[in-house]
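Below is one structure, written out as structure tokens; the observations come after it.
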Amino acid sequence: MLRKLAALVASAGLVMTVACAKTDAGITTNVKAKMAADDTVKAYQINVDTNKGVVTLTGTVENPAAKEQAIIIARQTNGVTDVVDQITVNRAEATSGENLADKTADAARSAVDKTEDYAKEAGQKTENLAKDAGQKTENFAKEAGQKTEDLAKKTGEAVTDAAITSAVKTKMLADSTVKGLKIDVDTNNGVVTLNGNVSSKAEMDKAIMIARDTKGVSRVVSNLHVK
């Protein structure tokens with residue numbers, strides 16, 4: 001008898017629990033409980049109102065994911081026949097993030113532009129310095145060659161082989177066509193011998209002409225090769 005009574009009480013409690021779960025108040029309670037347990041939506045204040053199984057959700061969230069999850073929770077709650085979504089997404093936070101991204105992109109573009117400008121300016125200055133240095137070297141070589149010839153003329157002394165070699169090398173270094181550093185000059189009794197490789201016949205001819213036109217040179221022997 002007692003067992004039958006206990007079974008009847010348990011059955012009645014189960015029926016009442018199920019019935020309560022399907023009432024509007026029970027549905028509202030269940031939806032709120034499930035939202036409170038969900039990591040995506042538990043941080044937001046979402047209002048839940050149920051009328052004849054239709055759940056209406058109101059409130060404000062900061063991202064679409066939280067809104068979508070709240071709707072899913074409500075729809076999957078026992079007893080819910082429909083869900084009315086009145087949740088709004090606060091765009092201020094998203095807009096702030098977008099503005100920050102835009103500002104970061106603008107700053108990056110500005111930095112790149114400035115870097116390119118600095119590089120161009122530095123390249124131009126380097127080119128100008130190189131030209132200036134080259135011009136000064138050429139002028140110095142010409143001046144040195146001229147002084148060597150002038151000194152020989154003034155002293156009236158016989159031009160030595162060493163002086164001839166020096167004068168030929170100096171004049172080659174001062175000439176824009178001839179790469180004087182790649183041509184070996186050797187003088188013996190006024191005979192100048194040229195050895196080395198040149199890049200063109202024009203360079204070879206110019207080197208020979210420079211040697212022939214140098215004071216004290218009696219003959220030029222060319223062992224130059226065009227490479």
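Counting Lys +1, Arg +1, Asp -1, Glu -1, what net charge surrounds THR29 among other residues with beta carbon under 13 Å of its beta carbon? Here the count lands on +1.
Near LYS227, once Lys and Arg are set to +1 and Asp and Glu to -1 for all other residues with Cβ below 14 Å from its Cβ, the sum equals +2. Each principal axis of segment 123-226 carries a Cα extent, and these read 49, 35, 16 Å when sorted largest first.
For every other residue with a beta carbon closer than 12 angstrom to the beta carbon of LYS42, add +1 if it is Lys or Arg and -1 if Asp or Glu, then tell me the sum. Its environment carries a net charge of 0.
Taking a straight line from the alpha carbon of LYS52, these lysines sit under 27 Å away, with near neighbours fewer than eight places off in the same chain left out: LYS22, LYS32, LYS34, LYS42, LYS67.
How big is D, in µm² s⁻¹, for segment 182-227 by Stokes-Einstein at 37 °C and 0.692 mPa s if Rh is the Kirkwood radius over C-alpha pairs?
D = 314 µm²/s.
When GLU121, GLU138 are arranged by Cβ crowding within 10 Å, least crowded first, meaning fewest neighbours, the order is GLU121, GLU138.
Values in this text are rule-based calculations from the coordinates and carry no lab data. Here the structure is a predicted model, which means the values were calculated and not measured. Note that each Cβ is placed from the backbone with ideal geometry, even for glycine, and that neighbours are counted across all protein chains shown.
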